[in-house]
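**Q** Sharing a structure, written as structure tokens. Questions coming.
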Amino acid sequence: MRHYHLPDTVRDAEAPLLRALPDGALMRRAAYGLARVCADELADRTGGVSGRRITLLVGSGDNGGDALFAGAYLRRRGVAVEAILLDPERVHDAGLAAFRRAGGRVVTAPGRPDLVIDGIVGISGRGALRPEAARLVEEIDAPVVAADTPSGVGVATGVVHGPAVTAAVTVAFGALKPVHALAPAQCGRVELIDIGLRPGPGELVSFEDADVAARWPVPGARDDKYTLGVVGVLAGSATYPGAAVLATGAAVRATSGMVRYAGTGREAVLAAWPEVVATDEPSDAGRVQAWAAGPGMGTDGAAADRLAAVLGRDLPTVLDADALTLLAEHPGLLADRTAPTVLTPHAGEFGRLAGPVGNDRVAAARELAASFGVTVLLKGHRTVIAAADGAAVVDTAGSSWAATPGSGDVLTGVVGALLASGLDPLDAAACAARVHSLAADRAADGAPTHAAAISAALPHVLAAILRD
């Protein structure tokens, strides 16, 4: 599991080290790590280090100091290093002195560097780049290595409000920050440098394959199809029979337990998945441990009655698509529930439930989760999962290949299967999101894909995760 820390948490973790270490030692650790990554990047891109050229974009404060000390280290390795001081009156004095002693040059205009170090602003930065910095970033035609975070991008939110750095590599000092998970296009590859910080649990986390493997239900010696969890699926209609097939099929592929289908797409489901136990109404579905409801089920009175019947059984339930539309119209559907509920909106569905998502996706998901007393899986290029108590997970495996019709139906089936196995709703949603994202990447393999292919890739992804 990876932990992402807010700026105040990072500063609190730095404080005891700053008291215990000699003055400037922590900055030199960060700068040495930055210089090492830059040297490796130069070698990879140009075939060498000595004789190459680097331009530093140096802002005021510690981030500029990191860049200047890194420039001094690189100069000693034979790199021609130039620094542009964006605020000469507020430059980091010790860093500038070290840079000049090493033979670095201060210039007022960029040359033709092989690499650029972004040392404009650090974790205290707010908003877009100022005009002069924006102009320089626009002018320089070279890969950028960002010191700690890319300048102009919200550290806590990953939001880009205007001109900002787009980095090829971001070198995180001591701890990952939310921007590293939420803004992959701006950060590029993220390299974490150990400088001795021990910040503890993060305000935001992401699951790795090992976290999924530790939680995914695997049959034991005494398990059977009932003990592994029975999931009920309420999905599909005469208009959207495919939604029933996709959601039910994903549940079948995600679990060794039983899948029961209840809805108007019975014939289509049984034609595709003969192992499913199917009926027309939730009241006739028999014993289940959890429900997955919503994809393509419709929003008329009959659909609303079926959804009310499912929610009234007070079992763990994941709601998607049409179920979210019905919930927006009838929020009282959740009033008497005590069992876990997971909502899986995309931005439009979120808007119907709570208004526009806004720039801070993590805060938006947390607010909706708290207001409804549920777990929210807010879909997107970086899917965010939030619990009512404020715990939050970001799916860093996500990519745009999952953005295809029916993909959400597949995800709903997987979440439902995991809820039926007894997983905590936050864990179920986070595990499902990661496996779904990896399945989309596998199905795409660099080209457009479709929901049925994503579903078909689920067992292959799970086999690799569980085997490794």
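**Q** Counting only residues that are surrounded by fewer than 23 Cβ atoms within 10 Å (Cβ to Cβ) and touching a residue at least 60 places away in the same chain (Cβ under 8 Å), which one in segment 138-153 is farthest from L42 (Cα to Cα)?
**A** I140
**Q** Which count do you get for residues in segment 256-265 that are of a type in the set (V, I, T), open to solvent by less than 20 Å² (accessible area, probe 1.4 Å) and in a loop (DSSP other than H, G, I, E, B)?
**A** Total satisfying the criteria: 0.
**Q** Can you pull out the residues in segment 329-364 that are within 24 Å of D314 (Cβ to Cβ), open to solvent by less than 70 Å² (accessible area, probe 1.4 Å) and not charged (D, E, K, R)?
**A** Hits for segment 329-364 are G332, L333, L334, A339, P340, T341, V342, L343, T344, P345, L353, A354.
**Q** For segment 299-306, indicate whether the set of residues that are modelled with pLDDT of 95 or more, in contact with a Ser or Thr (Cβ under 6 Å, 6 or more places away or on another chain), in a loop (DSSP other than H, G, I, E, B) and surrounded by fewer than 24 Cβ atoms within 10 Å (Cβ to Cβ) is non-empty.
**A** yes
**Q** Among what's in segment 365-380 and is open to solvent by 40 Å² or more (accessible area, probe 1.4 Å) and part of a helix (DSSP H, G or I), pick the residue that is nearest to A420 (Cα to Cα).
**A** Applying the filter and picking the extreme gives F372.
**Q** Further question: Name the residues in segment 193-207 that are among the β-branched types (V, I, T) and more than 13 Å from the chain's Cα centre (by Cα), would you?
**A** I193, I195
**Q** Within segment 40-57, how many residues turn out to be open to solvent by less than 60 Å² (accessible area, probe 1.4 Å) and not in a strand (DSSP E or B)?
**A** The number of residues fulfilling the criteria is 7.
**Q** Could you name every one of the strands (runs of 3 or more DSSP E) located completely within segment 161-255 that has at least 1 residues being farther than 30 Å from A309 by Cα?
**A** 169-173, 189-193, 204-206
**Q** Could you check segment 409-424 and list, in sequence order, the residues that are open to solvent by less than 20 Å² (accessible area, probe 1.4 Å) and over 16 Å from the mean Cα position of the chain (by Cα)?
**A** Scanning segment 409-424 gives V410, T412, G413, V414, V415, G416, A417, L418, L419, A420.
**Q** How about segment 1-23: which of its residues are surrounded by 13 or more Cβ atoms within 10 Å (Cβ to Cβ) and in a helix (DSSP H, G or I)?
**A** Within segment 1-23, P7, T9, V10, R11, D12, A13, E14, L17, L18 meet the criteria.
**Q** Here is a further query. Against the conditions (1) over 16 Å from P345 (Cα atoms); (2) open to solvent by 40 Å² or more (accessible area, probe 1.4 Å); (3) modelled with pLDDT of 95 or more, where does R467 fall short? Just the number, please.
**A** For R467, the exception is condition (3).
Residues checked against (1) surrounded by 24 or more Cβ atoms within 10 Å (Cβ to Cβ); (2) closer than 17 Å to A146 by Cα; (3) small (G, A, S):
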{"position": "N63", "(1), (2), (3)": "yes, yes, no"}
{"position": "L86", "(1), (2), (3)": "no, yes, no"}
{"position": "A98", "(1), (2), (3)": "no, no, yes"}
{"position": "G103", "(1), (2), (3)": "no, no, yes"}
{"position": "I120", "(1), (2), (3)": "yes, yes, no"}
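**Q** Against the conditions (1) part of a loop (DSSP other than H, G, I, E, B); (2) open to solvent by less than 40 Å² (accessible area, probe 1.4 Å), where does V318 fall short? Just the number, please.
**A** Looking at each condition in turn, V318 falls short on (1).
**Q** Could you list all residues from segment 382-399 that are assigned to a loop (DSSP other than H, G, I, E, B) and more than 10 Å from the chain's Cα centre (by Cα)?
**A** Answer for segment 382-399, where residues must be assigned to a loop (DSSP other than H, G, I, E, B) and more than 10 Å from the chain's Cα centre (by Cα): A387, A388, D389, G390, A391.
**Q** Could you tell me whether segment 456-468 includes any residue that is touching a helix residue (DSSP H, G or I) at 6+ places or on another chain (Cβ under 7 Å), at negative phi and among the basic types (K, R)?
**A** No - not one qualifying residue is present in segment 456-468.
The values are calculated or read from the model by the stated rules, or taken from the named source; none is laboratory data. Everything numeric here is computed off the predicted structure, so don't read it as measured data. Positions of Cβ are backbone-derived with ideal geometry, glycine not excepted, and every protein chain shown enters the neighbour counts. Each accessible area value is taken on the protein alone, full model and side chains, heavy atoms only, with ligands, DNA and RNA left out. Shrake-Rupley method; radii C 1.70, N 1.55, O 1.52, S 1.80 Å.
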